[in-house]
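**Q** Quick one: the structure is below, and I'll ask about it shortly.
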Amino acid sequence: MNERSTLKINGAGHLEIGGCDALELAKEFGTPLYVFDEDHIRSMIRVYRRAIEENYGGNGTVLYASKAFSCMAVYAIAQSEGAGVDVVSGGELYTALKAGFPAQNIFMHGNNKTEEELEYALSSKIGYIVVDSFSEADILDEMCSRRGVRQRVLIRINPGVEAHTHAYVQTATPDSKFGFSIANGTADQMCRHVLSKSSLDLVGFHCHIGSQIFERQSFVLAADKMMDYIAHVKSTFSLEADILNIGGGFGIYYTDDDPKLGEEDYYGYLKALCDEIKAKAALLKVREPALAIEPGRSIVGEAGVTLYTAGAVKDIPGVKKYVAVDGGMFENPRYALYQSKYTVVAAGNMNAPCTQKVTIAGKCCESGDIIAVNVPLPEIERGDVLAVLSTGAYNYSMASNYNRNFIPEAVLVKDGRADVIVKKQTFEDIVRNDVIPQRLK
Ligand code: LLP
């Protein structure tokens, strides 16, 4: 629980978020329930915007990386805070547009966008497309000429910066499927390729070195390499980049294994980036490009809490104790995928001493269906409400209907009120797209 968060323990000893008692939320909306703290989301966007304002003369934008949590309400919040967004699929683009998000403030990413997605992006007059393959540049250029339009594009670059994070979420290693490597010369080939396209306007470069990164130096190094590349492009292709999109990846607090960052720390990441870019621009005699950053996790991660009701408690003597909850890998697959760690609390008994270590299991028919391992908790009984903290990023957005469970409802809390932002699924939703062919009847 930190300064940006409205998470607290209220007078009744219950967890409170956004002025709402977690037990009352669980009662009103049912569990599992994703709860999002609106003030937290807004304050994170504001920190980043202020940092760009104060350290880079406002010459930049915060693009919320909506893959972290995509639903119409979050695009509405991003828009009202003056942020742009990045989308990585037709589905995210549709959601943003449906929420009324202005297309010109949207960047589209993806290492393998489909032709339908590219058509959709063009017909929506999206601001920027980050191209990530030779064939994509071919297709996009052809689509643009057919329509008689020009499209602003950036090239995704792999600056070859290793960041300390889980292997699956590292994206700028030499064997990455993303981007074009500066080191092996493919970045130059792609530059030449895009510049040969009559309907594509190459306005800049993008990189993203990974996710859940804490080392300031990793970001600074990426900026350093990208500025070197921008200078190289100027001398080789006579092109001055307008935009440098440096990606996202700023880490958040999940457990005491992670640093607990305050606003000034996130501000510090951006200040370091801005300082590096300005210094390099002066040194290399290139124009300071407009800066774009794409934080996802750090905007919504700590803003989210998932509430569960405890069910079966199983003590395997001398081995471990399981507390099973009414959620699982269908609504939070991160332990199953990355062995991610979480802090779990007894939402109705926050002041009770933790007397045991338990493993929080889900309800899916799979042994790997775990939410958190070995977490300290007080005694837990069936019916108790548990809260898993820092679940705002990559939980709902990676949820599935595995075992035909419902993807939980999401509510947005602020000043003691809670509004549904993603409705509860129903059995009807579960079978909505199922078809029994005539011959099976
Ligand atoms: N920009 C690009 C191009 C990205 O690929 C990503 C994340 C971001 C921005 C936002 O990064 P963030 O600020 O959220 O770290 N499912 C994984 C995380 C995958 C991140 C993918 N790309 C997880 O649950 O940890």
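**Q** Tell me the strands (runs of 3 or more DSSP E) entirely within segment 335-428 that contain at least 1 residues that are assigned by TED's automatic domain parsing to the domain that holds Val319 and not hydrophobic (A, V, I, L, M, F, W, C).
**A** Values: elements: 344-346, 356-361, 370-377, 385-389, 409-414, 417-422.
Qualifying strands (runs of 3 or more DSSP E): 356-361, 370-377, 409-414, 417-422.
**Q** Please give the number of the condition Val194 fails out of (1) in contact with a strand residue (DSSP E or B) (Cβ under 6 Å, 6 or more places away or on another chain); (2) in a helix (DSSP H, G or I); (3) within 16 Å of the ligand (Cβ to nearest atom).
**A** For Val194, the exception is condition (3).
**Q** Same structure again: If we keep just the residues of segment 203-219 that are more than 12 Å from the ligand (Cβ to nearest atom) and open to solvent by 20 Å² or more (accessible area, probe 1.4 Å), which is farthest from the chain's Cα centre (by Cα)?
**A** The residue in question is Gln217.
**Q** Does any residue of segment 136-145 turn out to be open to solvent by 30 Å² or more (accessible area, probe 1.4 Å) and farther than 21 Å from Gly204 by Cβ? If you could, list the steps in order and put the result at the bottom.
**A** If we filter segment 136-145 for residues that are open to solvent by 30 Å² or more (accessible area, probe 1.4 Å), which is where we start, we get 138-139, 142, 145.
Those still in the list that are farther than 21 Å from Gly204 by Cβ too: 142, 145.
Yes - at least one qualifying residue is present in segment 136-145.
**Q** Scan Tyr338, Tyr394 and give me the residue that is crowded, with 24+ Cβ neighbours inside 10 Å, more than 22 Å from Leu23 (Cα to Cα) and within 16 Å of the ligand (Cβ to nearest atom). Walk me through it before giving the result.
**A** On the way: Tyr338 fails: crowded, with 24+ Cβ neighbours inside 10 Å.
The unique qualifying residue is Tyr394.
**Q** For Tyr253, all conditions in the list (1) within 22 Å of Gly57 (Cβ to Cβ); (2) touching an Asp or Glu at 6+ places or on another chain (Cβ under 8 Å) hold save one; what is the number of the exception?
**A** All conditions are met except number (1).
**Q** Let me ask something else about it. For segment 5-21, indicate whether the set of residues that are in a helix (DSSP H, G or I) and either in the same structural domain as Phe178 (by TED's automatic domain parsing) or free of Cβ contacts under 8 Å to residues at least 12 places away in the same chain (or both) is non-empty. Full working, then the answer.
**A** Narrowing segment 5-21 to residues in a helix (DSSP H, G or I): none.
Looking through segment 5-21, none of the residues is in a helix (DSSP H, G or I) and either in the same structural domain as Phe178 (by TED's automatic domain parsing) or free of Cβ contacts under 8 Å to residues at least 12 places away in the same chain (or both).
**Q** Suppose we filter Val85, Val62 for residues that are surrounded by 18 or more Cβ atoms within 10 Å (Cβ to Cβ), under 17 Å from Ile126 (Cβ atoms) and within 15 Å of the ligand (Cβ to nearest atom); which single one remains?
**A** None of the other options fit; the residue is Val85.
**Q** Is it the case that some residue within segment 241-260 is part of a helix (DSSP H, G or I) and buried (at least 17 other Cβ atoms within 10 Å of the Cβ)? Give the derivation first.
**A** If we filter segment 241-260 for residues that are part of a helix (DSSP H, G or I), which is where we start, we get none.
No, segment 241-260 contains no residue that is part of a helix (DSSP H, G or I) and buried (at least 17 other Cβ atoms within 10 Å of the Cβ).
The values are calculated or read from the model by the stated rules, or taken from the named source; none is laboratory data. Note that the coordinates shown come from a computational prediction; the quantities given were computed from them, not determined experimentally. Note: ideal-geometry Cβ built from the backbone for every residue, glycine included; neighbour counts use all protein chains shown. Heavy atoms of the whole protein, side chains included, go into the accessibility calculation; ligands, DNA and RNA do not. Shrake-Rupley method; radii C 1.70, N 1.55, O 1.52, S 1.80 Å.
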